[in-house]
Amino acid sequence: MRIVIPEDRKLVHEMITPIRWGDMDAYGHVNNTIYFSYMEQARVEWITSLGYQVAPGRESMLMMNGFCNFYKQLSYPGDLILKTSIGAIGRTSMDVFTSMALTCAPNEDVAIGGATMVWVDLTTNKSAPWPDHILQKIG
């Protein structure tokens, strides 16, 4: 099943990351699980670029679900452009997407994935409304 990616998402962060030799599996291409690591790193760098720590405190942004649509195989060597964008923002959740393209073909997505992120009060382990300071930063 392919997940439909909304067109009206907002680009919030971009980074480049290398494809590592160890990212490949026995079939000679990047293992499907590694795409989720790429998306995680893109989210971490976006969150830290906003001035927040990813280490848990009393509250944090946690992933509620995730998916990835695979379009092309990747293999070592190469560099990826990871573009993080946000879609729908709810009272306690937000859709975050990551598109992936090789730097040598930046307009050709090799995969697009996403996650629903939830703001959580870690003292109660319950979702909580997004704090105003976060909503202001993500616009």
Per residue value of the accessible surface for the chain (all protein chains in place, 1.4 Å probe), Å²: 58
Percent accessible area from carbon and sulfur atoms, the chain, protein chains only, probe 1.4 Å: 52
What is the diffusion coefficient of the range 94-139 in µm²/s, taking the Kirkwood radius over Cα pairs and the Stokes-Einstein relation at 37 °C with a viscosity of 0.692 mPa s? 250
C-alpha long axis of helix 32-49 to longest principal axis of the chain, angle in °: 50
Cα-based Debye curve of the range 44-105 sampled at q = 0.26 Å⁻¹ gives log₁₀ I(q)/I(0) of -1.27
Highest GNM mean-square fluctuation among 123, 48, 98, for the chain with Cα springs under 10 Å, belongs to 123
Proximal charge balance of residue 34 [Cβ under 13 Å; K/R count +1, D/E count -1]: -2
How large is the charge dipole for the range 10-139, taken about the Cα centre, if only the Cβ atoms of Lys, Arg (+1) and Asp, Glu (-1) carry charge, to the nearest 20 debye? 280
Relative contact order (percent, whole number), the range 88-139, Cα cutoff 8 Å, 6+ residue spacing: 33
Would you kindly give the portion of the calculated P(r) for the chain that falls above 20 Å, as a percent of all Cα pairs? 47
How many angstrom lie between the C-alpha centres of the range 86-137 and the range 33-50? 10
MRE, 222 nm, helices only [DSSP H, n ≥ 4, -39500 (n - 2.57), over the chain, to nearest 500]: -5500 deg cm²/dmol
Residue-count net charge about residue 76 - beta-carbon cut-off 12 Å; Lys, Arg +1, Asp, Glu -1: -2
Ordering of 2-15, 77-90, 24-37 by packing [mean C-beta count within 10 Å, highest first]: 77-90, 24-37, 2-15
Sum up the lysine pairs in the chain that clear both bars: alpha-carbon distance under 26 Å and a spacing of 8 or more or different chains. 6
Just reorder 74, 122 by solvent-accessible area, largest first, 1.4 Å probe, all chains present. 122, 74
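The values are calculated or read from the model by the stated rules, or taken from the named source; none is laboratory data. Note that the structure is predicted; figures quoted are calculated from it, not measured. Don't worry about glycine lacking a Cβ; one is built from the backbone with ideal geometry, like all the others, and counts go over all protein chains shown. Side chains are part of the model used for accessible areas, which takes the heavy atoms of the whole protein and leaves out ligands, DNA and RNA. Shrake-Rupley method; radii C 1.70, N 1.55, O 1.52, S 1.80 Å.
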